[in-house]
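Colleague: Take a look at this one; I'll ask things after.
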Amino acid sequence: MSEQGEWALWEVFVRSKSGLDHKHCGSLHAADAKMAIQMARDVYTRRQEGTSVWVVRSDHIVASDPGEKASFFDPMEDKVYRHPSFYRLPPAVDHM
Amino acid sequence: MQTASEIDAGIAVQYLLRIGDTALIQAQRLAEWCGHAPALEEDIALSNIALDLLGQARAVLTRAGTVEGRARDEDQLAFLRDEREYRNVTLVELPRGDFAVTMARSAMLAIFFKLLWQRLAGSSDAELAAIAGKAVKEARYHRQHAADWVVRLGDGTGESRRRMEAALQELWPYTAELFADDEIDRHAAATGLGPRWSELEAAWRGEMESILAEAGLQAPAATPFLSTGKRGLHSEHMGYILAELQYLQRAYPGGVW
């Protein structure tokens, strides 16, 4: 608990029955990790959404800078050759 | 489990009502927190637990109605009986109190239910056994949730500790009723329907004491007081609960969603 008595913010990731990866589904407030997992269970899996839950404190997430978007992501726009769509596959392995 | 003697339907119904009504009234008390819990997340958790208990109550009351054989369904049993026909333990009808009272009671009851459902999973009544198999998973979570709060509050600030101690003092005398046997327990045990509730006491006390130890608290001393809710003699709070619980069904008889 912080000095102001406010619970920390946590990000919640849930893996569904059929899913292979944990998907971000929202956030919640909790005093510590144990409480965050319980709260996540109660808030985000009450309709059978999940088989596994991850929580991570929101302030532990390092995010890319929205202001850097132009230099970070735009250069990829014209580099279609990075997609593996220019190879002709032999018929035996086509539609792979 | 072997059926040692014939089940007396009247007594079996009483045994089932004690379970179903205790779950029903505890659900009603927990539901009072909906929209009032100290945090949104906790509000949802309490509502989830209340709904689990309501689901258990529905299943057991339905079974009680079938065994009784008077064509009363879960709604008629939940909404149209008078106070003295309810067989819940008095512990659950006490006012919801503050958050410490709610969590202390929730822990007491969740441990009790967990132990009871574990035994009922082997009931000679196949339907009750099936209900228990499902309910025990819910009770395990309720126990974890409530125990966690008892430890947090007991081992928290001076204020939270004071409140948890006061909650234990207030509620503890009512736990004796959970384990006070009578002819209904004896019949249930003899017919394999379910355990005498006194058989659960040692395990309950052990779990309760380990939670309290972790919280840095002590179980209050036993008192000679014995409440009588499961024999139909309730506290002064019961009528108010029923007034709220039964209002819609009394005002609009037969009303359904």
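None of the figures in this text is laboratory data; all of them are computed from the coordinates on show. For clarity, every value in this text was computed on a predicted model and none was experimentally measured. In this analysis, Cβ positions are derived from the backbone assuming ideal geometry, glycine residues included, and neighbour counts consider all displayed protein chains.
Colleague: Once you place label points 7 Å from the Cα toward the Cβ at B:T66 and B:T157, how far apart are they in nm?
Modeller: 5.0
Colleague: Additional query: Within chain A, which is the longest segment containing none of the trypsin sites (Lys or Arg not before Pro) that sit in a DSSP loop and have at most 11 other Cβ atoms within 10 Å?
Modeller: Excluding the exposed sites themselves, the longest stretch runs over A:48-78.
Colleague: Where does each of A:W10, B:W257, A:W54, B:W33 land when they are ranked from fewest to most other beta-carbon atoms within 10 angstrom?
Modeller: Fewest to most other Cβ atoms nearby, the residues stand as B:W257, A:W54, B:W33, A:W10.
Colleague: A further question on this structure: Round to the nearest 0.05 the FRET efficiency obtained for B:A9 and B:Q144 when R0 = 22 Å and r is the Cβ-Cβ distance.
Modeller: About 0.05, to the nearest 0.05.
Colleague: Within chain B, which complete DSSP H helices have Cα atoms spanning at least 27 Å along the helix axis and a mean Kyte-Doolittle hydropathy of -0.5 or higher?
Modeller: TM-like helix candidates: B:9-31, B:40-68, B:99-120, B:126-154.
Colleague: Taking the number of other C-beta atoms within 10 Å as the exposure measure, put B:H145, B:H36, A:H22, B:H187 in order starting with the fewest.
Modeller: In increasing order of surrounding Cβ atoms, one gets B:H36, A:H22, B:H187, B:H145.
Colleague: So what's the angle, to the nearest 10 degrees on a 0 to 90 scale, between helix A:33-44 and the longest Cα principal axis of chain A?
Modeller: 70
Colleague: State the extension gain, in nm to one decimal, for the chain segment bounded by A:F72 and A:V56, taking 0.36 nm per residue of separation less the distance between their alpha-carbons.
Modeller: Once the chain is fully extended between A:F72 and A:V56, it gains 3.3 nm.
Colleague: How about segment B:58-95: which trypsin sites (Lys or Arg not before Pro) there lie in a loop by DSSP and see at most 12 other Cβ atoms within 10 Å?
Modeller: B:R70
Colleague: Mind checking which aspartates and glutamates have their C-alpha under 15 Å from B:K137, skipping anything on the same chain fewer than 8 residues away?
Modeller: Straight-distance partners of B:K137: A:D42, B:D52.
Colleague: Can you tell me which lysines have their Cα less than 30 Å from the Cα of A:K69? Leave out same-chain residues fewer than eight positions away.
Modeller: Cross-link targets: A:K23, A:K79.
Colleague: Here's a follow-up. Measuring from label point to label point, each 7 Å out along Cα→Cβ, what is the A:F86 to B:Q76 span in nm?
Modeller: Between A:F86 and B:Q76, the simple spin-label model gives 7.9 nm.
Colleague: A further question on this structure: Multiplying the sequence separation of B:R84 and B:E236 by 0.36 nm and subtracting their Cα-Cα distance, what value in nm do you get?
Modeller: This chain segment gains 53.5 nm when fully extended.
Colleague: Okay, moving on. So how far apart, in nm, are the two label points at B:R205 and B:A190 if each is 7 Å from Cα heading toward Cβ?
Modeller: Using points 7 Å along Cα→Cβ, the separation is 2.7 nm.
Colleague: Please give the net charge around B:S106, taking every other residue with its beta carbon less than 15 angstrom from that of B:S106, where Lys and Arg add +1 and Asp and Glu add -1.
Modeller: -3
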